[in-house]
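The values are calculated or read from the model by the stated rules, or taken from the named source; none is laboratory data. Quick caveat: nothing in here was measured; it's all calculated off a predicted structure. Methodologically, a virtual Cβ is constructed for each residue, glycine included, from the backbone with ideal geometry; neighbour enumeration extends over all protein chains shown.
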Amino acid sequence: MNKQHQRITSLVICSILLLLQPFHVHPHTVCIIGSGIGGASVAHFLRRYSDPKTIGQIRIFERNGVVGGRMATVTIAGETFEAGGSILHPKNYHALNYTKYLNLQASKPKHADDSLSLGIWDGHKFVYKTLNSKSNLPIIRRLVSFANSIIMLLRYGVFSLFRMSSFVEVAVNKFLRYYEVFESRPVFESVEGMLKWAGLYNLTRRTLGEELVEVGLSPLLIQELVTIITRINYGQSVNISGLAGAVSLAGSGGGLWAVEGGNWQMAAGLINRSDVVLHLHEEIESVSYLGDVYELNSTEGKSYNCQVAVVATPLDELNILFNPGISIPPRKLQHTHATFVRGLLNPAYFGLDEISDIPELVGTIESVDLPFTSISILKQHEKDMTYKIFSRKPMADALLDDIFSLRVETIKINWAAYPHYHAPETYAPFILDGKHLYYFNAFENAASTMETSAVSAENIARLILLRLSGQVDYSSPNLQSFSNDSAENHSEL
Ligand SMILES: Cc1cc2nc3c(=O)[nH]c(=O)nc-3n(C[C@H](O)[C@H](O)[C@H](O)COP(=O)(O)OP(=O)(O)OC[C@H]3O[C@@H](n4cnc5c(N)ncnc54)[C@H](O)[C@@H]3O)c2cc1C
């Protein structure tokens, strides 16, 4: 065989070997629809848990001109406040890790202050009202806070309050299993499986009201304190599932925090540091499976091919065309109208003489007649205040003029905020087509928070990598973390 012959033969052998290479040795391209905390977290964890040979390009599509989705700020009278997802729990470990990893600062927003005076409004009167300390002296504030605890214990009962906090603590401790060490934690291909493993599934079979009656809470505590919390956090009554309720109650405890300057920075920072091609102002209109890739078509008239497609937004109010079609259980989203007002409340609306008699946080009981679910002070200025009002329906200007004696500026946002919760809950699949089309917002039926989004996203990233590697044993996955940066699991766990 002469030299030229030998070269041709080796070229042919090389080509055949290349053709025989299994598909997965080529880096996979991933397309993510949505740049909220979920989409950003999927990109982050895919990078963290894989090497460049496995995951190549990651594209994130966002129909808006900014990232963050339901984490967004609003600027009113020159000051910026959280407009959507605002409060984080002290045990939201992914959010804590993100904050540290991205060199962001945690802050304590005014409306997360446990010493805020609270009133429960029934439409005619305050059925419950804590004392408001107008003093700046710490000793006086402590005394008032002590007096408020006594008032609360007397109204709702020591045992009832204790049982409520135990109920929340048990659920939070179960949720902490999702931070267990990477190597021993299973990967989940269904929401049901994920909830069952942590012992949380049964909480989604009954309503919060039913769960709390069973653990022995007094009807008054459920009707008043518990109800105002579920109304503030999910715009819904105690008929939400026990799990969504426990999450909601956990979000009213102590130690709550937010990211200084806006929680949206978590999504922005994760996207920045995950080597992502970000397509802002590009809405995905259709997702078609072409045999080995998904073709995504956008409103810009462009097409993108990816081996993996992740839907990181609730599908309930969207018109994305899937080909072949997908099937998910019907789900309604709860709309929450967030109205921001710089001005002053009118004490007469509440039957009071002085503005200082109006509690800093006004919650409401469940009643169809009530036009708002809560009003809270976001900031006290020299002469007026910034307030946030939550309501199920838009706040008409005429109504606002009744509630406020002064309105300098008003901003209204209509959020398709979270699922309308039921019990028993049903869940969409994480894998929409049995192949590589994933839906991480299926987990929102369990609870919708920034942290639950991150937890679900971490599972989706692991599920993608496990399935790309052809592993079938989800209970003891063989995955490893490739990152040596500082976003580690919390040291306590
Ligand atoms: C008023 C309000 C208060 C809340 N309060 C809290 C709180 O205090 N604490 C807490 O933890 N959580 C809170 N939440 C819930 C929390 O904000 C959400 O659970 C979380 O931010 C959801 O993140 P996500 O990434 O799943 O979805 P999203 O943030 O909704 O992100 C989805 C993104 O996808 C984009 N998108 C949609 N369709 C397309 C398309 N076809 N093409 C391209 N892009 C598309 C959207 O524009 C959006 O940016 C609150 C939510 C609201 C609305």
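Miscellaneous remarks
- Search result, residues across the range 285-307 that are among the aliphatic types (A, V, I, L, M) and either away from the ligand (no atom under 16 Å from the Cβ) or surrounded by fewer than 12 Cβ atoms within 10 Å (Cβ to Cβ) (or both): LEU290, VAL293
- Selection count, the range 59-81, where residues are touching a Gly at 6+ places or on another chain (Cβ under 7 Å), part of a strand (DSSP E or B) and within 8 Å of the ligand (Cβ to nearest atom): 0
- Count of the range 359-393 residues, restricted to those that are modelled with pLDDT of 95 or more, β-branched (Val, Ile, Thr) and part of a loop (DSSP other than H, G, I, E, B), is 2.
- Exactly one residue out of TYR418, TYR387 is away from the ligand (no atom under 13 Å from the Cβ), surrounded by 23 or more Cβ atoms within 10 Å (Cβ to Cβ), of a type in the set (Ser, Thr, Tyr) and over 27 Å from CYS306 (Cα atoms): that is TYR387.
- Given (1) within 11 Å of the ligand (Cβ to nearest atom); (2) without any contact (Cβ under 8 Å) to a residue 40 or more places away in the chain; (3) closer than 29 Å to ALA338 by Cα, index of the condition ILE222 fails: (1)
- Those residues of the range 33-57 which are within 13 Å of the ligand (Cβ to nearest atom) and assigned to a strand (DSSP E or B), in sequence order: ILE33
- Selection within the range 287-303 - hydroxyl-bearing (Ser, Thr, Tyr) and closer than 14 Å to GLU62 by Cα: SER298, THR299
- In the set (1) assigned to a loop (DSSP other than H, G, I, E, B); (2) out of contact with any Ser or Thr (no Cβ under 8 Å at 6 or more places or on another chain); (3) within 14 Å of the ligand (Cβ to nearest atom), the condition left unmet by PHE188 is number (3).
- Verdict on LEU225 being within 25 Å of the chain's Cα centre (by Cα), part of a helix (DSSP H, G or I) and on the phi < 0 side of the Ramachandran plot: yes
- The combined condition, being among the β-branched types (Val, Ile, Thr), buried (at least 19 other Cβ atoms within 10 Å of the Cβ), more than 14 Å from the ligand (Cβ to nearest atom) and in contact (Cβ under 8 Å) with a residue 60 or more places away in the chain, is not fulfilled by THR426.
- A single member of ALA461, ALA442 is away from the ligand (no atom under 13 Å from the Cβ) and surrounded by 24 or more Cβ atoms within 10 Å (Cβ to Cβ), and it is ALA461.
- Filtered residues of the range 154-173 (kept if within 30 Å of ALA457 (Cα to Cα) and buried (at least 18 other Cβ atoms within 10 Å of the Cβ)): MET164, PHE167, VAL168, ALA171
- Applying the condition of being hydrophobic (A, V, I, L, M, F, W, C) and part of a loop (DSSP other than H, G, I, E, B) to the range 347-358 and asking which residue is surrounded by the most Cβ atoms within 10 Å (Cβ to Cβ) yields ILE358.
- Summed over the range 109-130, the residues that are more than 13 Å from the ligand (Cβ to nearest atom) and part of a loop (DSSP other than H, G, I, E, B) give a count of 10.
- Residue under evaluation ARG342, criteria (1) more than 12 Å from the ligand (Cβ to nearest atom); (2) more than 30 Å from LEU406 (Cα to Cα), criterion not met: (2)
- Of all positions in the range 96-108, at least one carries a residue that is farther than 25 Å from PRO359 by Cα, away from the ligand (no atom under 13 Å from the Cβ), within 27 Å of the chain's Cα centre (by Cα) and among the hydroxyl-bearing types (Ser, Thr, Tyr).
- Within the range 318-331, if we keep just the residues that are more than 9 Å from the ligand (Cβ to nearest atom) and in contact (Cβ under 8 Å) with a residue 24 or more places away in the chain, the residue that is surrounded by the most Cβ atoms within 10 Å (Cβ to Cβ) turns out to be ARG331.
- GLU282 touching a residue at least 60 places away in the same chain (Cβ under 8 Å) and within 10 Å of the ligand (Cβ to nearest atom): yes
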